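Chemist: Got a structure for you, written out below as C-alpha cells; questions coming shortly.
The values are calculated or read from the model by the stated rules, or taken from the named source; none is laboratory data. The shown structure was predicted, so the numbers you read here are calculated from the model rather than taken from an experiment. Methodologically, a virtual Cβ is constructed for each residue, glycine included, from the backbone with ideal geometry; neighbour enumeration extends over all protein chains shown.
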Amino acid sequence: MPAAHADILLVADEPTAREVTRAGGGVPILHLSEPYRALEELSRHPHRVVLAAEGVPDPKGFARAARRLAPAARVYALCTAAGEADLRAAGLGEIDDYYLMPPAREDIARMLQAGAEGRYEPVARVDRPTAAEMSASEVAALIESAGTLSSLAVHLAEMVAAWVGAPVHWAHAAGDEAGEPLLLLDGSDGPQVLLAGPDIQVPAAGRGKLAGLQALAGALTGQARRAESLHRLAITDFLTGAHNRRYFYHFTDRLLRRAAKEKFHVTVLLFDIDDFKRYNDTYGHATGDEILCETASLMSKVTREHDVVARIGGDEFAVLFWDAEPPRQPDSRHPQEVSDVAGRFLQALSRHEFASLGPEARGVLTISGGLATFPWDGRTCRDLLRHADTGLRQAKAAGKNAIYLVGQGSIGEPSED
C-alpha cells in the first residue's frame, strides 16, 4: 500500500501482520518485515502510528530511532502474554505503550486516536530522484563510492554538506544526539542517521535532493555490502577465516614499499604445527581442520587489530607485524615487541585445551616458527618469508616448540606452568 495512504507502519513477520490487518478492519497499514526498512520509510514519509511487533531486535533502540525520524508519530510495541513481563522489566523507554497479541479492533482504534493528536502531515512519497534533483555525475559518483560502506558514508556526508551548506555528521539512529536528521543509512553497526546542527535551515532545493538520495540509499547500501562480501571472500582462507596466501603477499609487498619511504620496521612470523600429519593420521582430517581453525583464532587473539594473520598453505601460517603508529617510547624496539607477542602465542598454545583431541589435550600441541624483519632480513615478502623459514627450520632442528629470530636464536619460550 502506498505510504501516503497508510495510517499505521507495522514492523512484524507475516503471520503477525495478517492478525493486525484483520483487527484493523480496513485501516490502511503498511507492513514491513525489516526494522531498517521501516526506519528508511519513516525518513521518507511520516506515519501516524509506528507499531513494532515482538521479535524486533532492540525495541527501545528502534523506538528512539523512529522518534528521531518522525517526532510526531506514536510508537507502540506489540507483544505476546509471555513477552509482556520481559517488556515491562526492561522498561518502555521511548515506546508510548504496548498491546497484547492478538490486538483487538478497539486497540487499533485507540492507537489511531492517540496518533491523531500528533502533528501528522501526509506528504507525497518519492520513489526515485528526478534529473532535477540529482545530476548524472552525482549519481555516478555515488555508485563509484559504494565499494565499501565506509567510503559510501563519507561520500554521502560530503555531498549532503554541500547541499545544505553546513557541516553534517553520522550518529547512531537510536542515539540521542541533537540535530536535524537528513539521511538514513544501514551502516555496519546498525542504522546510522546523518545529522545537521539543530539551528540549520535546509534549503528547499536541498530537501528535494535529500528525498531523492534517500530513495537511492537502500540500493547503494546493498551494493556496498555485496562488494565488501566479495572482497572478503577473495582475501579469506575458506577453512580458518584467516587471510589467504594471495592477500598476504599482496598486502606485505605494498606495506614494505611504504615502510621503505617512511622508515619503519615490518616483521614476518612464519610458523607451522609440529607433527601435524600425526594428528591427521590419528584423529582424522576433521579434527585436523578444527586444530587449524583454533590455532588461527589463538594467534588472532594475541595480535593487534591491524596485524595480518594468514594461512599460506597446509598447516603453515604467516603473521605480518607492523607499527600503525609511532612508538610511544623513544627507545621502543619493534623486533622485541614482536618477540613478546610470539611468546604470548606460545603460552596461549601451552594452556589451550583442544577439545577435539580429548580431555588430556591441554598443552599437547606445539608450533615451530621463525621471525624475519625488514629491512635487515629482506625487502620483499618472498625475501622475508625465506629468512623466516630459515628460523623455522632452526627451531625444528633444536627440538621444536620454539620461535627463532634469524641470527639471534630462540625467543619467547612458553612458561613451564
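Chemist: Report the residue count in the range 86-106 for those that are at pLDDT 85 or above and loosely packed, with under 11 Cβ neighbours inside 10 Å.
Modeler: 1
Chemist: Which one of L230, L195 is under 26 Å from S297 (Cβ atoms) and either more than 23 Å from the chain's Cα centre (by Cα) or among the hydrophobic types (A, V, I, L, M, F, W, C) (or both)?
Modeler: The unique qualifying residue is L230.
Chemist: Within the bounds of the range 277-289, is there any residue that is out of contact with any Ser or Thr (no Cβ under 6 Å at 6 or more places or on another chain), crowded, with 18+ Cβ neighbours inside 10 Å, closer than 23 Å to R386 by Cβ and not acidic (D, E)?
Modeler: Scanning the range 277-289 turns up no residue that is out of contact with any Ser or Thr (no Cβ under 6 Å at 6 or more places or on another chain), crowded, with 18+ Cβ neighbours inside 10 Å, closer than 23 Å to R386 by Cβ and not acidic (D, E).
Chemist: Confirm whether P129 is touching a helix residue (DSSP H, G or I) at 6+ places or on another chain (Cβ under 6 Å), modelled with pLDDT under 90 and closer than 30 Å to E228 by Cα.
Modeler: yes
Chemist: Regarding L184, is this residue of a type outside the set (V, I, T), within 20 Å of A38 (Cα to Cα) and touching a residue at least 60 places away in the same chain (Cβ under 8 Å)?
Modeler: Yes, satisfied.
Chemist: G222 versus (1) outside any strand (DSSP E or B); (2) touching a residue at least 40 places away in the same chain (Cβ under 8 Å): which is the lone unmet condition?
Modeler: Single failed check for G222: (2).
Chemist: Starting from residues that are surrounded by 22 or more Cβ atoms within 10 Å (Cβ to Cβ) and more than 17 Å from L184 (Cα to Cα), keep the ones in the range 12-49 and report whichever is nearest to the chain's Cα centre (by Cα).
Modeler: That would be A12.
Chemist: Please enumerate the residues belonging to the range 302-315 that are farther than 26 Å from R258 by Cα and surrounded by fewer than 19 Cβ atoms within 10 Å (Cβ to Cβ).
Modeler: Hits for the range 302-315 are G313, G314.
Chemist: Right, here's the next one. Kindly indicate the residue of the range 386-417 that is among the polar types (S, T, N, Q) and modelled with pLDDT of 90 or more and also farthest from the chain's Cα centre (by Cα) among those meeting that condition.
Modeler: Q394
Chemist: Looking at the range 261-276, which of its residues are loosely packed, with under 15 Cβ neighbours inside 10 Å and in a helix (DSSP H, G or I)?
Modeler: K261, E262
Chemist: Let me ask another. Would you be able to tell me the number of residues in the range 75-85 that are over 22 Å from A178 (Cβ atoms) and surrounded by 14 or more Cβ atoms within 10 Å (Cβ to Cβ)?
Modeler: 7
Chemist: For the range 167-185: of the residues being small (G, A, S) and either surrounded by fewer than 16 Cβ atoms within 10 Å (Cβ to Cβ) or not in a loop (DSSP other than H, G, I, E, B) (or both), which is nearest to the chain's Cα centre (by Cα)?
Modeler: A171
Chemist: If you check R245 against the conditions, is it surrounded by fewer than 20 Cβ atoms within 10 Å (Cβ to Cβ), under 17 Å from the mean Cα position of the chain (by Cα) and not β-branched (V, I, T)?
Modeler: Considered against the rule, which asks whether it is surrounded by fewer than 20 Cβ atoms within 10 Å (Cβ to Cβ), under 17 Å from the mean Cα position of the chain (by Cα) and not β-branched (V, I, T), R245 comes out as no.
Chemist: Restricting the range 50-66 to residues that are over 23 Å from the mean Cα position of the chain (by Cα) and closer than 13 Å to L9 by Cα, which is surrounded by the fewest Cβ atoms within 10 Å (Cβ to Cβ)?
Modeler: A52
Chemist: Could you look through the range 231-247, keep only residues that are outside any loop (DSSP other than H, G, I, E, B) and of a type outside the set (S, T, Y), and pick out the one that is nearest to E316 (Cα to Cα)?
Modeler: Among those residues, the one meeting the criterion is R245.
Chemist: Six or more apart or on different chains, Cβ under 6 Å: which pairs go from a residue in the range 14-40 that's touching a residue at least 40 places away in the same chain (Cβ under 8 Å) to one that's small (G, A, S) and outside any helix (DSSP H, G or I)? Could you list them?
Modeler: Qualifying pairs under 6 Å: T16/A53.
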